[in-house]
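S.K.: Below is a structure I'd like to ask you about.
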Amino acid sequence: MLLQALVLIPMTALALRALGFRRCQAALARLGSMRPASSENQAQRSFEQATLTAQMVKAASRDGVRRGNCLEQSLVLWWLLRRQGIAGELRIGARKMAGRFEAHAWVEFLGSALNDSENVHRHYSAFDKSIVPVHGEPR
């Protein structure tokens, strides 16, 4: 997972710049469709795996060639979770601080933020729905 994240963070950064958010997320969704979770895959085990995956993405961002921003890291984490059959939700929130608009991205699983503090909801107003890729978007 660490090696995948080390490669995916800079690639995702380039894809976001070249394709934009929606197309980048749709491309990631096509590259790795959601693997069905096994029937023995229980919520606690999935949560532990999701937490470990988030730690690997954080380490890759910290120690890799590119320190990914919150959107890049969250897209990579969201994709890696999907590949493991874990339905993480990509969330984007916004706030206004000192007259400036700010946005932030994170991934949630079972209502908990995986790659951010649990109180991220107090600092950013999340959009009502998780961000899901749009299939069939023009290229």
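The values are calculated or read from the model by the stated rules, or taken from the named source; none is laboratory data. Quantities reported herein were computed from a predicted structural model and do not represent experimental measurements. Backbone-built Cβ (ideal geometry, glycine too); neighbour counts: all protein chains shown.
S.K.: Within segment 48-69, how many residues are of a type in the set (A, V, I, L, M, F, W, C) and buried (at least 17 other Cβ atoms within 10 Å of the Cβ)?
M.R.: Residues in segment 48-69 being of a type in the set (A, V, I, L, M, F, W, C) and buried (at least 17 other Cβ atoms within 10 Å of the Cβ): 5 in total.
S.K.: For a quick check of your reading of the model, give me the residue pairs whose first member lies in segment 106-117 and is more than 13 Å from W78 (Cβ to Cβ), whose second is modelled with pLDDT under 90 and of a type in the set (A, V, I, L, M), with beta-carbon atoms closer than 8 Å and at least 6 apart or on different chains.
M.R.: L110/A43
S.K.: Checking the condition farther than 14 Å from A5 by Cα and either under 15 Å from the mean Cα position of the chain (by Cα) or modelled with pLDDT of 85 or more (or both), which residue from G88, G64, G68 passes?
M.R.: Checking each option against the conditions leaves just G88.
S.K.: Go through segment 78-101 residue by residue and tally those that are part of a helix (DSSP H, G or I), without any contact (Cβ under 8 Å) to a residue 60 or more places away in the chain and buried (at least 21 other Cβ atoms within 10 Å of the Cβ).
M.R.: Going through segment 78-101 one residue at a time, the tally reaches 2.
S.K.: Go through segment 114-139 and give me each residue that's over 21 Å from G20 (Cα atoms), in contact with a helix residue (DSSP H, G or I) (Cβ under 9 Å, 6 or more places away or on another chain) and modelled with pLDDT under 90.
M.R.: Passing the criteria: D116, S117.
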